[in-house]
Amino acid sequence: MSTASAASVVLDEARAWALLLELADRARRARPAASARRLALDSNGGLERADAGAAWIDLTAVGRRSFTTSCALGAGAAELLDLYLPLCTGKYAGRLCIAHVGQSLDGQIATASGASKNVTGPENIRHMHRLRALCDAVLVGAETVEADDPQLTTRLVPGENPTRVVIDPTLRSTKDRRLYRDGAAPTLILCSSACAEGAARVGHAEVVAVPCSARALAPESIIRTLNERGLGRLFVEGGGVTVSRFLQAGALSRLHVTISPIFIGSGSPGIVLSGIDQLDQARRPSARRFDLGQDVLFDCDFSAHDAG
């Protein structure tokens, strides 16, 4: 147990992020120390239990923040911990499914021609890289891979690359996309059992069959398939159709919606759900708001809503 005084530690953004990475790893591995609530980082950068005066972070707090600290907080550290601690702690942290959408004020994630770069600002791009680093796997639809040719790595922040997962029910992906060629992280292509017959790989990516009764893969089946491979912390990054399907199915623990102060007009909508007749049928997750540069992030928590 740590005995050094926390008052001598400046908990800056770099240390706060290192602490979050370790907490995410603890949740991922369901370690015996997971019940510890007062924590610090040891000399090797690993989590250790600490007494109240030595704890970098105390998770027994209640109120507006989910933590207290005796450390001096550097610029950006409190906001970082406020935003990401709920993703790394709690009894459901080992089985997390979070999605993200970045959109304009009029609800579009791309123009009608498909241009989507710079809809949101650099702070939100970094936020997505952080979500990747905190999760076991990052999921995107095949259309996103074909249109954007993403890398889905954590190159903007410290942290390991997650397993990259492409949802491609009919196995129409082409081998020239970067994530199939670069070998930067384990990569899976999820497709229907019928389409997976005789197909083992697309480039470096492993083809994985997901049981389904239709052309679309059910979010529940996708989550089950990945959980069985030891991938419990999932980040659904896009596109809008994929995120909408997970939200419609009630499969999300949390949804981050980042809104940029621009108007695009007719384009590609971020979230599209089945209609309702009365407002009392609307989904009303608990929500928090954070500023990301000029953008505004809404952190929508569906786990508390579903539990009620």
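The values are calculated or read from the model by the stated rules, or taken from the named source; none is laboratory data. If you're wondering where the values come from, they're calculated on a predicted model, not measured in any experiment. Ideal geometry is used to build each Cβ from the backbone, glycine not excepted, and the neighbour counts take in all protein chains shown. Just the protein is used for accessible areas: all its heavy atoms, side chains included, with ligands, DNA and RNA removed. Shrake-Rupley method; radii C 1.70, N 1.55, O 1.52, S 1.80 Å.
Is it the case that region 35-45 has a residue that's out of contact with any His (no Cβ under 8 Å at 6 or more places or on another chain), part of a helix (DSSP H, G or I), within 20 Å of PRO158 (Cα to Cα) and modelled with pLDDT under 90?
No, because not a single residue in region 35-45 is out of contact with any His (no Cβ under 8 Å at 6 or more places or on another chain), part of a helix (DSSP H, G or I), within 20 Å of PRO158 (Cα to Cα) and modelled with pLDDT under 90.
Among the candidates ALA52, ALA77, single out the residue that is surrounded by fewer than 16 Cβ atoms within 10 Å (Cβ to Cβ) and at negative phi.
On the way: ALA77 fails: surrounded by fewer than 16 Cβ atoms within 10 Å (Cβ to Cβ).
Sole residue among the options that is surrounded by fewer than 16 Cβ atoms within 10 Å (Cβ to Cβ) and at negative phi: ALA52.
Return yes when VAL207 is assigned to a strand (DSSP E or B), closer than 28 Å to ASP182 by Cβ and open to solvent by less than 40 Å² (accessible area, probe 1.4 Å) and no when it is not.
Against the criterion (assigned to a strand (DSSP E or B), closer than 28 Å to ASP182 by Cβ and open to solvent by less than 40 Å² (accessible area, probe 1.4 Å)), VAL207 qualifies.
Only one of ALA110, ALA75 is touching a residue at least 60 places away in the same chain (Cβ under 8 Å), over 12 Å from the mean Cα position of the chain (by Cα) and assigned to a strand (DSSP E or B). Can you tell me which? Full working, then the answer.
Values: ALA75 fails: assigned to a strand (DSSP E or B).
That would be ALA110, the only listed residue that is touching a residue at least 60 places away in the same chain (Cβ under 8 Å), over 12 Å from the mean Cα position of the chain (by Cα) and assigned to a strand (DSSP E or B).
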